[in-house]
Amino acid sequence: MSAERYNRQIILKGFGEEAQQLLLRAKVLVIGAGGLGCPALQYLAAAGIGHIGIVDDDAIALSNLHRQILFTTADIGKLKVEVAAKRLQEMNTQIGIIRHPIRLQKNNILDIISRYDYILDGTDNFESRYLINDACALLNKPLIFAAVSGFEGQLAIFNTPDHLMPSTNYRDLFPIPPDKGEIPNCAENGVIGVLPGILGTMAAAETIKLIARIGQPLTNKILSYNLLTQEQYTIGISRGEGYTLPKTVDEFLNMNYQDTNEKPQSYIEIDANELVKLQQLESVILIDVRERHEVPVLDKQIFTQVPMSEFGAFMTKEFYQKHVVLICQHGIRSVAAAEAMQEKYGDAKKIYSLKGGIVKWRDHFLRS
Amino acid sequence: MKIEMISFGKIAEFISNQNIDVDGIADTDAFKQYLENQFPALKSMKYKLALNKNIVQENTTINNNATIAIMPPFSGG
């Protein structure tokens, strides 16, 4: 080991030679060499983690470059793992970098993560996150979890007991994955480059703290970070009950990670109070599906009239509103309309039907 | 009963951080019902509550001036 390379952290009070040795002996697997993985890898490599594995099966695209800061314009089209490994090795020639240019699946993940001491999850989808969580829980591997959404991030350490509590895992927070489209990903929702930069760097810091046994790592805690306000909010995690976590390799191999999204999200039945709340949303359209002769007549400024007899034609047209509230006399035709809309728009729009219809909430409609 | 509500991610788009003063919400189950009535969009989402910075794993009594956080899962990277 070149003590000179790590001099500035070795001389740091509370770190020292011993902590540096712990880093050099550690084996860390970083899953995903993207917005979170790039900065995490850079700091882990620079700090002198002895063995770093990188998992990613993706090639570099132009739209990656605003946040995946290990890559240059000339790297477009090349495998992320190859470019990242080369660059990190040039930065620190004294450590081992292992390339895993594959997509982790049930049948290969246990073999790969069993070769490492610490796993850092920097992936970008729920399938991978649940797969990685369950594999780490099964093999008892400390898991450093970082994720972003909009201008916010989450950071946590799972499968690591502390002096207060046995270890917790991601399913103690969210027992089952969200439906497809419930939580948009970065490709759909957008992301500002510096946010995964911050979260990835924080994940590297937590990894270093765990390995070097310094400070208070986020074990059994989840930190929420807000870029726009620079606020952080930390929540203690305790063990939940009644969820499925595979306890054996056989159980793990029988889990279903791919098709967690097969059940389409369904429309929601609401009451008049909920209708009032929805009316205040920005992107909402209220549709009265009764025929034109029916009474009471509702305010056409508020309720767009699309009789069921014209509903099929209406559905062929595009409309921009995200929330669609359907109303009829008794809440029966509006359910049929909601089902048709759900089938067409799936998760792209949120569909609501007023339960019981105008008759049930007569007072509400007469008032307004 | 005064409760401070803090929300995150997609949930913060329709539930802003706010202080509410409501009667009849004695525990976290009742609070959940109140939330889903007020904000029907929540019904179809996965989320977790934290009462005074601790994850709610079972129905828990809410005391006056409690802080409740509403957190969805994130997966982006």
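For the reader, a short list of remarks on this structure follows.
- Across region A:20-43, the qualifying residues are those that are assigned to a loop (DSSP other than H, G, I, E, B) and within 14 Å of chain B (Cβ to nearest Cβ), and the one among them that is surrounded by the most Cβ atoms within 10 Å (Cβ to Cβ) is A:Leu36.
- Test: residue in region A:229-236 that is at pLDDT 95 or above, touching an Asp or Glu at 6+ places or on another chain (Cβ under 8 Å) and either under 18 Å from B:Ser75 (Cβ atoms) or not in a loop (DSSP other than H, G, I, E, B) (or both): no
- Just one of (1) farther than 28 Å from A:Tyr267 by Cα; (2) more than 9 Å from chain A (Cβ to nearest Cβ) fails for B:Ile55. It is (2).
- When restricted to residues that are touching a Ser or Thr at 6+ places or on another chain (Cβ under 8 Å) and on the phi < 0 side of the Ramachandran plot, region A:156-170 contains 8.
- Enumeration of residues in region A:71-98 that are assigned to a loop (DSSP other than H, G, I, E, B) and either out of contact with any His (no Cβ under 9 Å at 6 or more places or on another chain) or surrounded by fewer than 15 Cβ atoms within 10 Å (Cβ to Cβ) (or both): A:Phe71, A:Thr72, A:Ile76, A:Gly77, A:Lys78, A:Asn92, A:Thr93, A:Gln94
- Condition check for B:Ile11: out of contact with any His (no Cβ under 6 Å at 6 or more places or on another chain), of a type in the set (Val, Ile, Thr), touching a residue at least 40 places away in the same chain (Cβ under 8 Å) and facing chain A (nearest Cβ under 8 Å): no
- Residue within region A:152-171 that is buried (at least 21 other Cβ atoms within 10 Å of the Cβ) and either without any contact (Cβ under 8 Å) to a residue 12 or more places away in the chain or in a helix (DSSP H, G or I) (or both) present: yes
- Restricting region A:6-19 to residues that are touching a residue at least 60 places away in the same chain (Cβ under 8 Å) and within 30 Å of A:Ser114 (Cβ to Cβ) leaves a set whose member that is surrounded by the most Cβ atoms within 10 Å (Cβ to Cβ) is A:Ala19.
- Selection within region A:209-228 - outside any loop (DSSP other than H, G, I, E, B) and either surrounded by 18 or more Cβ atoms within 10 Å (Cβ to Cβ) or away from chain B (no Cβ under 11 Å) (or both): A:Lys209, A:Leu210, A:Ile211, A:Ala212, A:Thr219, A:Lys221, A:Ile222, A:Leu223, A:Ser224, A:Tyr225
- Residue, farthest from the other protein chains (Cβ to nearest Cβ), within region A:237-258, restricted to residues that are farther than 28 Å from A:Val191 by Cβ, of a type in the set (A, V, I, L, M, F, W, C) and in a loop (DSSP other than H, G, I, E, B): A:Met255
- Here A:Val335, A:Val295, A:Val284 are screened, and the one residue that is more than 26 Å from A:Lys180 (Cα to Cα), surrounded by fewer than 20 Cβ atoms within 10 Å (Cβ to Cβ) and not assigned by TED's automatic domain parsing to the domain that holds A:Asn189 is A:Val295.
- Of note, A:Glu282 satisfies the criterion of being under 30 Å from A:Asn189 (Cβ atoms), outside any helix (DSSP H, G or I) and without any contact (Cβ under 8 Å) to a residue 24 or more places away in the chain.
- Taking the criterion of being within 14 Å of chain A (Cβ to nearest Cβ), assigned to a loop (DSSP other than H, G, I, E, B) and among the hydrophobic types (A, V, I, L, M, F, W, C), the residues of region B:14-52 that qualify are B:Phe14, B:Ile15, B:Val22, B:Phe39, B:Met45.
- All of (1) more than 16 Å from A:Gly200 (Cβ to Cβ); (2) surrounded by fewer than 17 Cβ atoms within 10 Å (Cβ to Cβ) hold for A:Ala46 with one exception: (1).
The values are calculated or read from the model by the stated rules, or taken from the named source; none is laboratory data. Predicted model only: the values in this text are computed from it and were never measured. Cβ atoms come from the backbone with ideal geometry, glycine included; neighbour counts cover every protein chain shown.
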